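First up is the structure itself, then whatever we jot down about it.
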Amino acid sequence: DVASSDFYNKTYPNAYDFEGAARDDDYMINMFDQWRQKYAIKSIEDGLNEENWDGWVKMQERFGDSVMLVGDDLFVTNTERFAKGIEMGAGNSILIKVNQIGTLTETLDAIAMARKAGYHYIISHRSGETEDDYIMDLAVAAGGGRIKTGGLARQQRGPGEPTRDERLTKYERGRTIE
């Protein structure tokens, strides 16, 4: 999860404050490609800014289906934004967060759009999760084959940060379903 919107440089169009300089889309995409070749990266989440639609299209043209280009901030589980991305050819994957869009119906609509468009979809937790394990049931029921719950090797850093137990319950639920 690059979270590039966090270091997007609003002064220069489509530039990112990275490695002490303002870097453009081409720099970022080339860097991702080098990393992909060196480290066998299979997924890049939020590689470019959430409003940089043309950059996302350029990135998709460069990587095709060799890498999952996952729009979280780009699509925000919003079917209107997602429809725009599908039409433009921006990315090839969407992160699905129930409590990001608001209702289970809207979530299922986004999943249906992804299936129809041939996009990968990943059911995801949100920051500040609880020990509720329903997300694993949704991931299995949605049939996308992917879930993002975070790793187990993490210490709570502050209020609202997930603990190991908040994540472990999801993995345990997955094991129970299996």
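The phi-based Karplus calculation (6.51 cos²θ - 1.76 cosθ + 1.60; θ = phi - 60°) puts the 3J(HN,Hα) values of region 71-80 at x, 9, 4, 5, 9, 6, 6, 9, 5, 5 Hz, whole numbers, x for Gly and Pro. Projecting the alpha carbon convex hull of region 51-147 along each direction and taking the average yields 6.0 nm². Please report the base-10 log of the normalised intensity I(q)/I(0) for region 1-105, using a Debye sum with one equal scatterer per alpha carbon and no solvent, at each q in 0.20 (1/Å). The calculated log intensity ratios at q = 0.20 Å⁻¹ are -1.01. Think of each Lys and Arg Cβ as +1 and each Asp and Glu Cβ as -1; about the Cα centre, that makes the dipole of region 47-124 roughly 200 debye. Computed in the context of the full set of protein chains, the accessible area of the chain at 1.4 Å probe radius has 46% of its extent on carbon or sulfur. Translational diffusion of the chain was estimated from the Stokes-Einstein equation, with Rh taken as the Kirkwood radius over Cα pairs; at 20 °C and 1.002 mPa s the coefficient is 125 µm²/s. In the context of the full set of protein chains, the chain has a per residue accessible area of 54 Å² (1.4 Å probe). Student exercise: in the chain, how many lysine pairs 8 or more apart or on different chains have Cα atoms under 28 Å apart? For the chain, the number of qualifying lysine pairs is 24. The slack in the chain from D65 to M31, taken as 0.36 nm per residue of separation less the alpha-carbon distance, amounts to 10.5 nm.
For trypsin sites (Lys or Arg not before Pro), the sites in region 21-89 that DSSP calls loop and that have at most 14 other Cβ atoms within 10 Å are K42.
The values are calculated or read from the model by the stated rules, or taken from the named source; none is laboratory data. Keep in mind that what you see is a predicted model, and the values were worked out from it rather than measured. We place every Cβ from the backbone using ideal geometry, glycine too, and count neighbours over all the protein chains shown. The area values use the complete protein model at the heavy-atom level, side chains included, leaving out ligands, DNA and RNA. Shrake-Rupley method; radii C 1.70, N 1.55, O 1.52, S 1.80 Å.
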